[in-house]
Structure formats: C-alpha cells, structure tokens
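Every number in this text was worked out from the coordinates using simple rules, so none of it is lab data. On a predicted model such as this, the values are computed, not experimentally measured, just so you know. Here Cβ is always computed from backbone atoms with ideal geometry, including for glycine, and neighbour counts include all displayed protein chains.
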Amino acid sequence: MLRASEVKKGEIVRHRERVCAVRKIEIRTPSSRGSNTLYKMKLQDVQTQQNYDETFKGEDMFEDVDFVRRQASYSYFDGELYVFMDDEDFTQYSFNEADLEDQLGYLSEGLGGIVVMVIDGTAAGIQLPASVDLEIVETAPALKGGTVTKRTKRATLATGLEVQIPEYLAQGEVIKVNTETGDYMSRT
C-alpha cells in the first residue's frame, strides 16, 4: 500500500480498480488550521489511455501494482511517437506526445538511465534520471564578474526547454538540469 503523499510523478498505482499512471501532481496546502494537505493528481488509465483528475488527502491509500521496471535509452522521434530501446533485450517502447507531456524537454537522443514501466507487456510510462545534461543554444551574452552575484538570466536549451541560469554562462556550454524541478544544477 502506498500513501498519496508518497506517490511520485510517473508511478503506476491502482485506483478504483483501474491501473493508472500518475502524469502530474499538484500539492495544495490550505492555510486554515486543521486542514489536510491535498494532492491533485492527473491520472491516466493504462488500458484505455483515458485521463482524469482526482484530489486526495495525504493519508489516502493506493494499492500497489505489479509491473516491471526496464532500463532503457531514448532512441528517436519518428514524427508521431517517441521510441525508447530496452538496454538489455533491445525491445522498443513507443509513447505519443500526450504520454510524455512534461518530460519532453529533457529528452535528447541517446539519453540513458531512463526506466520504462511495463505492465503485462504494455509500456505504461517512463521515469527520467534525476538530472540530464543539455546544451545552451540561446541566451544573453555572458557577463564578466557574473560569478559574484546570484543574478540569473533565461536560457533556451537544445531540447527547447527554458531555464534560469547564472548570468556568467554562455551559449554553447553544457549544463546539468534537475528533471523533477526543471532547475539549473551546475555546469558540466
């Protein structure tokens, strides 16, 4: 059994006799005393691909689902589907854009360390590595002495993802980005 407060984006849970992938989680903390923290989740039924939103209290329980975690790498995009290849047996798993929604900005060709969740032979979702390395393709020019202050500037990365970076970084540099928060972590 898993509490709603322990569920992470990309996990597979059983809710109302349906096997669902958690696509998005919003945490809401009411300001009044005695109120419980609420977890608004966007769930996707693994079999029907139907999406629905539900709100849970932190103590609400989910049943565990038996699924297999397979190590994979992002292979390519074929125009409609994003294709991942299993690192051990080279099985290909395909997902459409709606399945990967918030994770697309972190996918670069050849990215490894991805976990594909497979239920009864069907790929249900992916979990990205904790961080990815991406190149800065567009940003304002680097400022000399920018390491002294903690000011940031907007940068567009090779995948189209936009993040705030320190102002001393320049176009062409490769940075490490946290895949859970979307924040700059360090220069590589």
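Brief remarks follow.
- GNM result for the chain, Cα springs below 10 Å: residue of M61, M85, M117 fluctuating most strongly: M61
- Theoretical gain in end-to-end length, E59 to K24 [0.36 nm per residue, Cα-Cα removed]: 10.8 nm
- Along the chain, longest interval not containing exposed trypsin sites (Lys or Arg not before Pro), exposed being DSSP loop plus at most 11 other Cβ atoms within 10 Å: 34-143
- Stokes-Einstein D for region 1-135, Kirkwood Rh over Cα pairs, 10 °C, 1.306 mPa s (µm²/s): 100
- Note on the chain: with a GNM built from Cα contacts shorter than 10 Å, the maximum mean-square fluctuation among T139, T152, T29 falls on T29.
- For region 68-127, average projected area of the Cα convex hull in nm²: 3.7
- Net charge over other residues, Cβ less than 14 angstrom from the Cβ of M41 (K, R count +1; D, E count -1): +3
- Spin-label model, T37/S5: points 7 Å from Cα along the beta carbon direction are separated by 0.6 nm.
- Among S131, S31, S108, the largest mean-square fluctuation in a Gaussian network model of the chain, built with springs joining Cα atoms closer than 10 Å, belongs to S31.
- In range of the label at A142: residues from region 160-179 whose backbone nitrogen is under 14 Å from the point 7 Å along Cα→Cβ: 166-175
- For region 2-62, the direction-averaged projected area of the alpha-carbon convex hull comes to 3.9 nm².
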